[in-house]
1. In whole Å, largest first, what are the principal axis extents of the Cα atoms in the stretch 180-254?
2. Given the stretch 73-154 reduced to its alpha-carbon atoms as identical point scatterers, what log10 I(q)/I(0) does the Debye formula return at q = 0.12, 0.19, 0.26 Å⁻¹?
3. Output the direction-averaged projected area (hull surface divided by four) of the convex hull of the alpha-carbon atoms of the stretch 203-334, in nm².
4. Stick to the Cα atoms of the stretch 12-349, pair each with every other, and give me the Kirkwood hydrodynamic radius in Å at one decimal.
5. For Glu283, Glu71, what's the fewest-to-most ordering of other Cβ within 10 Å of each Cβ?
6. Relative contact order for the chain: what percent, with Cα pairs under 8 Å and sequence separation of 6 or more?
7. Between Trp320 and residues 5 or more places away or on another chain, which pairs have amide H atoms under 5 Å apart, with H built 1.01 Å from N, and which residues are they?
8. Which order do the peptides 212-222, 312-322 take when ranked by the mean count of other beta-carbon atoms within 10 Å per residue, highest first?
Amino acid sequence: MAVIVTEPAGGHTPGLVCAHHHLYSSLARGMPAPPRTPTTFREILELIWWRLDVALDLDLIHWSAKLGALEALERGTTAIIDHHESPTAIEGSLSVIADACAEVGVRVSCAYGVTDRHGAAGATAGLAENDRFLSGGGRGMVGVHAAFTCTDHTLAAAADLARRHGVGVHVHVAEGSDDGGAVARLASLATDEWLLIHGVHLPDDHGLAGTLVHNPRSNMNNAVGYARPARFANPVALGTDGIGADMLDEFRLAYVAHRADDVTAAPGDAWGWLSTGWDLFPEARDDRVVWSYEPMDPWRLAFTTGVSPRQVSIDGEVVWADGQPTRVDAHEIRAKAAEAARTLFSRLENTP
Ligand SMILES: [Zn+2]
């Protein structure tokens, strides 16, 4: 139902695109500490994320996705390219995410991150979920966790499934040094439709086809190093890797991380990476965000914190106005998500 609202004054942009998100991680904030402090990227996966993802069920995924979609909207992000994993609740999970985003009004592209971490049956179930969702007309890609957690057989099957659906593969590549073999294993499979996430440890001339998605905050948080995305021939886009969907904030951080590496770097590069999101999710160009600041110029925005949407329209419908979503009750979503988080945390406390 369209809501008639007068457009406020301010600079404007199309809807922003988060080119790599994990909506399943929205409930993770405040989670119980891991059994011991992780000292490497591999241990961050093992002790935090791979304990969290097995604790998810479809109800927790629903509230996590809804909270993440709400938080995207309130930062002017109208399109999310999501990468999902929930090894004990695979079937139907992508539809749960798509439906939660649709309720809030945010566009989403879904992918299930296939992996052999839970054996061949787990990989088969992940491929089947991608196939089920895409066959039903869902907007998405085929997800792969990363080459280093998949057999060559699974990687080939995922690439083949993507080809049959006319989409790309959404895969973490060389985020940490554990994934050093990714180039050799993916070289014959990757196409221009693929999303290569992180690429921190890729050689400059890696030769993989696809768009490289840079996630500067996540890379700093995991201490995996600076990806130096300006060195790649590939198109580069920006993602959050699950730490919210505030793309103006990610742009500012992408700029300053670039600048820390190269004092001649200018904000136009990071703004170009943000703009690549519209090539990946062209529908977001039809969305409109009116901001609390103008002009929306990269040099100014790199040094102006706290710029917020005053109004967001998606496909002609106002979905955010006067500090509130128009389709859903933000207070109710936050309360239900907090309740879901308590359930998740008690599961984690009982996970060895
Ligand atoms: Zn990721």
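A short reminder: the numbers here are calculations on the coordinates, not readings from a lab. Computed from a predicted structure; not experimentally measured. Heads up, the Cβs are rebuilt from the backbone with ideal geometry, glycines too, and the neighbour counts pull from every protein chain shown.
1. Per principal axis, max minus min of the Cα coordinates gives 35, 24, 20 Å.
2. -0.34, -0.76, -1.19
3. On the way: hull surface 37.8 nm².
With the hull built on Cα positions only, its mean projection is 9.4 nm².
4. On the way: mean 1/r = 0.0503 Å⁻¹.
Its Kirkwood hydrodynamic radius stands at 19.9 Å.
5. Details: Glu283 17, Glu71 21.
Result, fewest neighbours first: Glu283, Glu71.
6. Working: 736 pairs, mean separation 85.1, N = 352.
The normalised contact order for the chain reaches 24 percent.
7. For Trp320, the qualifying residues are Val312, Thr326.
8. Working: 212-222: 22.8, 312-322: 19.4.
Those peptides, ordered most packed to least, come out 212-222, 312-322.
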